[in-house]
Every structure is written in structure tokens, then in C-alpha cells.
There are 2 protein chains.
Amino acid sequence: MNDEITVLDFSQIKIGMEKKFRIVVTEYMLESFANLSGDYNPLHMNENYATNTSFRKRICHGMLLSSFLSRLVGMYLPGQNALYISQSLKFHSPCFVNDKITIIGKVVSKSESTHIITLKTIIVNESGNCLVDGEAKVLLRE
Amino acid sequence: MNDEITVLDFSQIKIGMEKKFRIVVTEYMLESFANLSGDYNPLHMNENYATNTSFRKRICHGMLLSSFLSRLVGMYLPGQNALYISQSLKFHSPCFVNDKITIIGKVVSKSESTHIITLKTIIVNESGNCLVDGEAKVLLRE
């Protein structure tokens, strides 16, 4: 996937610039994330347990969804020259296995003095429900 | 690893309660995270590229480090009854392959009305440098 990477420098970043991409969340992704992070909470990993919660089925780890923001920043907006400074995350609605989600980033400000850009970040499902929103700050490396 | 999970209810959470654990960051983890997230930024994945940056070698994805906060919350503090509400993340210093890092969470407040607890979250390396800090809000499910 290296050939997909965007290479924007600070001068090319415009306020209002937007990038979005879609992902289908798979059971394999939940298992990979559990193995990587060590988070085997049964709400994410145990169908029987999850059935008896208010969610009725396993929900995706919030931090797995957030990992797609790493792709947003590191691959597309701004892509290669990115250095992640900060990210805020609010987990609003559950994401289930097989949900089709859209990851969206939009440039809301840029600082000429620091070369840090601010993105509004949102992840929504097919019904248009906001799953995760927040703000990313990214330094454009020289 | 399911047998390690902590099961605390809201009444058992005390302000000042702390949990920490250690991880050795491996090249395999960077590759797994890149495959899962789709973030193949060369600063993380290409040794030749990274050598020519100010970091001199590949650095770990900030969101990979943050995935260990999912484990902190979902497995240990509070563990099974956790529902992640929000997380803030500031990426302060680089983490390199083979770094031994410590993930720390400390309860700083709890709300009797909402059953939401607030954790101060920090990830440090062996030199004591703060790599990532922030704040987590977690609902204790019934």
C-alpha cells in the first residue's frame, strides 16, 4: 500500500481540505487488535458475554477504530511528512463486526509559525451515526 | 490472557488507585499495526528513510502505543466492566523498536452520578521519558 501515500508539504495544505476512506470492520481485525494490544475484554471478544449486555453483540475496540486515524494522518492528510502531535477521541456509538465505516479528516487550521495543522476527525457508520470524533494536531516535517 | 482480567465495580474504584504494566516494543508489533491500520508511513516502516530524518531510525506509531491504553482500561483499570468514553493523547517523544515501555493509569476522579471515572494515562520509556500522556474517561457498566 506504500504507493498510495500522499506527499503534501505545509504550503500545499489548505483550510477545508478533506480526505475520507472506507473500511469494513471484520472479526479478524478485532482478533488482530486484541492480540496486538492485549485487550481481550469480553465485550469485544466473547459473543456469549456480549449478548447479555445492552449492546447485544460484540463491539469493536474504540482504539481499533482510532488506529484508522493513524492511516488518515500518516498516509493521506498530510501523508508522508506527518508527525502526529496529539489526538482527542470521543467514543459515541458502538461499531459492530461487518459495519462499513467511513474515516474523515478535514483541515480546520494551520499555523505558519509552527507548521502544525489541526484536523477535525470523524468516523461514521453507514447509517450516518458518529462512532468517534475528535481533533488531530499534526506537524508537517521538512 | 482472559484469566488476567480484573473485575472491579464502581464502588471498588478509589481515587489514587494505580495500575502499570510493561511492554517491549517489537518490529513485529509495528508490522502488525501497519497491516491492521493501513498506516505504512516510511517513518515507521522504512529503515533507510527513517535514517535520514532527525529520529535516525524507525519510530513506533503513536496509535500503536495508544492501543496499550485499551488494554489498561479493558483488562485492568477497571477491566471487565469498562466502557471507554474518551481519551486524549499527546505524543511527546519517539518510541523505537526494542524500547521497554511502561503503561500507567491512575484514577484521578470518579462521578457518583454518572459512574464515569477519569484516569491520568502515561506511557514512559526506560529512561523515564514521557512518550504519550493524556486522560481517559471510562464508564463502569452495571
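Worth a mention:
- Relative contact order (percent, whole number), region A:10-140, Cα cutoff 8 Å, 6+ residue spacing: 30
- With 24 Å as the limit on Cα-Cα distance, the pairs of A:LYS20/A:LYS110; A:LYS106/B:LYS120; B:LYS19/B:LYS110; A:LYS20/B:LYS57 that go past it are A:LYS106/B:LYS120; A:LYS20/B:LYS57.
- Label-to-label distance, nm, for residues given as A:VAL24 and A:SER127 (7 Å Cα→Cβ offset): 2.0
- Cα principal axis extents for the protein assembly as shown, largest first, Å: 52, 46, 33
- Gain upon complete extension [B:PHE55, B:VAL108; 0.36 nm per residue less C-alpha separation]: 15.7 nm
- Coarse-grained scattering of chain B at q = 0.11, 0.12, 0.22 Å⁻¹, given as base-10 log I(q)/I(0) from a Debye sum over alpha-carbon atoms: -0.44, -0.52, -1.30
- Calculated [222 nm] ellipticity per residue, helices only, for the protein assembly as shown: -5500 deg cm²/dmol; basis is -39500 (n - 2.57) per DSSP H run with n ≥ 4, divided by all residues, nearest 500.
- Inter-copy separations for A:VAL24, label at 7 Å along Cα-Cβ, nm, ascending: 3.9
- Across the identical copies, the label point of A:ASN46 (7 Å from Cα in the Cβ direction) is separated from its matches by 4.5 nm, in order from shortest.
- Among residues of chain A, the one whose beta-carbon sits closest to the A-to-B rotation axis is listed with its distance in Å as A:SER88, 2.
- Cβ-Cβ distance of B:ARG141 and A:HIS92, R₀ of 25 Å, FRET efficiency by 1/(1 + (r/R0)^6): the value works out to about 0.95.
- Helix B:27-37 vs. chain B, principal-axis angle (Cα, 0 to 90°, nearest 10): 70
- Angle in degrees between helix A:62-71 and the longest Cα principal axis of chain A, rounded to the nearest 10: 30
Any read-out appearing in this document is the output of simple, stated calculations on the displayed coordinates, not a laboratory observation. Only a predicted model underlies this, so the values are computations on that prediction, with no experimental measurement involved. Positions of Cβ are generated from backbone atoms using ideal geometry, with glycine treated the same way; all protein chains shown enter the neighbour counts.
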